[in-house]
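The values are calculated or read from the model by the stated rules, or taken from the named source; none is laboratory data. For clarity, every value in this text was computed on a predicted model and none was experimentally measured. Here the Cβ positions follow ideal geometry from the backbone for every residue, glycine too, while neighbour counts run over all protein chains shown. Just the protein is used for accessible areas: all its heavy atoms, side chains included, with ligands, DNA and RNA removed. Shrake-Rupley method; radii C 1.70, N 1.55, O 1.52, S 1.80 Å.
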Amino acid sequence: MEVPLNADFPLDPSAPTPAQRMYWVGPRHLAGDDGRLYDTVADTLTGLGWTSLTIIRGRQEPDEDPEDRQVLRSTVLHISPDTLRWAQWVRADEPFYLGDLPVAWQISARGDAGSPLAQWSAYFTPDVPGEVLGDFLTALDARDRPVHPLGWPETVVGAVTAHGWIRDIDQPATTATDPTFATHISLGKVPPLIQDADPHTLTGEADETAPFGWQAWAEPVLGARCLWAASFSSSTPHDLVAAFADSLSSTAPVLRRVLPDSTRDRLLRAPAT
């Protein structure tokens, strides 16, 4: 659905009935997650038939009331019917950071149900648009073999350039940015501690021997904190990253009640009726 957007339409975050105020906004890669990243993604997974499990680990003294128990770790795990792919909400866990942002969702896949190890993993911080993660998970769910390599780097770059993004002059085959130079996607060295079947990723060192994987991030103000970041380990199939990239760069607006402070003035918007 295409909606005419207006950057000058007033948006009052202090309105007394924010639940009744919804807006179509764009571009979606700067629209944030509306403060509903868990709910949006969990609804997608429920619709796909994935099972959710809540795992809690804590500490309780012998004479302590149950409500006073100290929870050390709590996570929600969603598992596909064939158990070959899973998505873990880790925002409430012990912090794991991508750059200077905490990871919210970790999505993984394996080729053999008998193996406990993920063949590849992808990580997403808050403010990644929930619609984009939903499209990525839908593409993952549709695959018969979630770890089988498909596509090429051009599949990813081609997905965003089809929506008007610009290829990098120095690395046109593996790097692109949106027309405002705020959001980037690039095939580069994976950050430390990103889980993958490749043993180099377990060293915790991003040196010259580190494998390459797709990285995406939004940096609305150069040198300032990123709005969001995403990291795909080196074995993530290119066609799945392309599904993420295609949705991220889509020109179709998204519904929002809450806008990120750092991009509020850069978003086009129209009232939803």
Matching residues, the range 97-118, being open to solvent by 60 Å² or more (accessible area, probe 1.4 Å) and not charged (D, E, K, R): Y97, G99, G114, P116, L117
Filter pass, D170 being under 23 Å from P191 (Cβ atoms) and either surrounded by fewer than 16 Cβ atoms within 10 Å (Cβ to Cβ) or without any contact (Cβ under 8 Å) to a residue 60 or more places away in the chain (or both): yes
Filter result (open to solvent by 10 Å² or more (accessible area, probe 1.4 Å) and in contact with a Phe, Trp or Tyr (Cβ under 8 Å, 6 or more places away or on another chain)) within the range 175-192: T177, P179, H184, S186, L187, G188, K189
Per-region count, the range 20-34, residues in a loop (DSSP other than H, G, I, E, B) and either free of Cβ contacts under 8 Å to residues at least 40 places away in the same chain or open to solvent by 70 Å² or more (accessible area, probe 1.4 Å) (or both): 1
For D127: the one exception among (1) in a helix (DSSP H, G or I); (2) buried (at least 22 other Cβ atoms within 10 Å of the Cβ); (3) charged (D, E, K, R): (1)
Odd one out for V254 among (1) more than 17 Å from D33 (Cβ to Cβ); (2) β-branched (V, I, T); (3) within 17 Å of the chain's Cα centre (by Cα): (1)
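For (1) modelled with pLDDT under 95; (2) β-branched (V, I, T); (3) under 20 Å from the mean Cα position of the chain (by Cα); (4) crowded, with 21+ Cβ neighbours inside 10 Å, each residue gets a yes or a no:
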{"position": "F212", "(1), (2), (3), (4)": "yes, no, yes, no"}
{"position": "A216", "(1), (2), (3), (4)": "no, no, yes, yes"}
{"position": "L222", "(1), (2), (3), (4)": "yes, no, no, no"}
{"position": "S247", "(1), (2), (3), (4)": "no, no, yes, yes"}
{"position": "R269", "(1), (2), (3), (4)": "yes, no, no, yes"}
